Amino acid sequence: MNANEIQADMEPASPEKEKNSVVRACFEWMEALIPALIIIMIFFTFLFRVNIVVNGPSMEPNLVDGYKLFTACAEPGLVRGDIVVIDAKGTSLEKRIVKRVIATEGQTVDIDFHTGIVSVDGVALDESAYIENGITKDEYDVTFPQKVPAGHVFVLGDNRTVSEDSRFSEVGMIDQRYIIGKVKFIIMPFEKFGQL
């Protein structure tokens, strides 16, 4: 290495070269960051939702007003006992609601309002895992038995005395196309995190 090359290496970089290297570094960061942000947006728009908030007392004592829920949007197949989030367009209530699936397409639901027992296909449900058995005594404007049409589900709230659910004509059977997703666990409050 001759003296001229050594002197060139020791000279400070020009402000123009420094500016170009900073701009290049920013572009490299953006190239890495933008695809990551797109993947995160897809993940939380189509696969999962974390912005679902319980509104009202209809799912008490299991889900209380203000609880934030983690909801899976792409999980196939609904079964009895699943808690689902229903889009505002899915009922005449014009609000998003959270309810429990009681029956799926092709099943027949009957409610004995004297004993408070819900039956599906002639079998009385044991609902003791999430509510007290025999509390469904409030009759509204839907007559029973009811057969669930194809592509629909029959839903009830856990707090049967105040819940607006499939016993009301304003809610009725829920078209599954309006189900945003299946609730997986509670996000907030923190002391309930992970529970359902």
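Among the listed residues Val155, Val171, identify the single one that is in contact with an Asp or Glu (Cβ under 6 Å, 6 or more places away or on another chain), in a loop (DSSP other than H, G, I, E, B) and buried (at least 20 other Cβ atoms within 10 Å of the Cβ).
Val171
Hey, among the residues in region 78-114 that are among the hydroxyl-bearing types (Ser, Thr, Tyr) and modelled with pLDDT of 95 or more, which one's least open to solvent (accessible area, probe 1.4 Å)?
Among residues in region 78-114 that are among the hydroxyl-bearing types (Ser, Thr, Tyr) and modelled with pLDDT of 95 or more, the one least open to solvent (accessible area, probe 1.4 Å) is Thr104.
Would you be able to tell me the number of residues in region 92-122 that are in contact with a strand residue (DSSP E or B) (Cβ under 7 Å, 6 or more places away or on another chain) and in contact (Cβ under 8 Å) with a residue 40 or more places away in the chain?
Final tally of qualifying residues: 15.
Could you list all residues from region 38-65 that are at pLDDT 75 or above and open to solvent by 40 Å² or more (accessible area, probe 1.4 Å)?
Across region 38-65, the qualifying residues are Asn51, Val53, Asn55, Pro57, Glu60, Pro61, Asn62, Val64, Asp65.
Can you tell me which residues in region 91-130 are more than 24 Å from the chain's Cα centre (by Cα), closer than 17 Å to Val162 by Cα and of a type outside the set (Val, Ile, Thr)?
Listed by number, the residues that qualify are Phe113, Gly116.
Return yes when Val148 is open to solvent by less than 50 Å² (accessible area, probe 1.4 Å) and touching a Ser or Thr at 6+ places or on another chain (Cβ under 9 Å) and no when it is not.
Spelling it out, Val148 is indeed open to solvent by less than 50 Å² (accessible area, probe 1.4 Å) and touching a Ser or Thr at 6+ places or on another chain (Cβ under 9 Å).
Restricting to region 98-144, name every residue that is among the aliphatic types (A, V, I, L, M), under 25 Å from Gly66 (Cβ atoms) and in a loop (DSSP other than H, G, I, E, B).
Correct list: Ala129, Ile131, Ile135.
How many residues are free of Cβ contacts under 8 Å to residues at least 24 places away in the same chain and open to solvent by 40 Å² or more (accessible area, probe 1.4 Å) if we restrict to region 123-143?
Going through region 123-143 one residue at a time, the tally reaches 7.
Do the conditions hold for Ala88, that is, is it farther than 21 Å from Ile135 by Cα and free of Cβ contacts under 8 Å to residues at least 40 places away in the same chain?
Answer is yes for this residue.
Lys184 fails exactly one of the following numbered conditions: (1) assigned to a loop (DSSP other than H, G, I, E, B); (2) open to solvent by 50 Å² or more (accessible area, probe 1.4 Å). What is the number of that condition?
(1)
The values are calculated or read from the model by the stated rules, or taken from the named source; none is laboratory data. Keep in mind that what you see is a predicted model, and the values were worked out from it rather than measured. Here the Cβ is made from the backbone with ideal geometry for all residues, glycine too, and neighbour counts use every protein chain on show. Areas reflect the complete protein model, heavy atoms only, side chains present, ligands, DNA and RNA absent. Shrake-Rupley method; radii C 1.70, N 1.55, O 1.52, S 1.80 Å.
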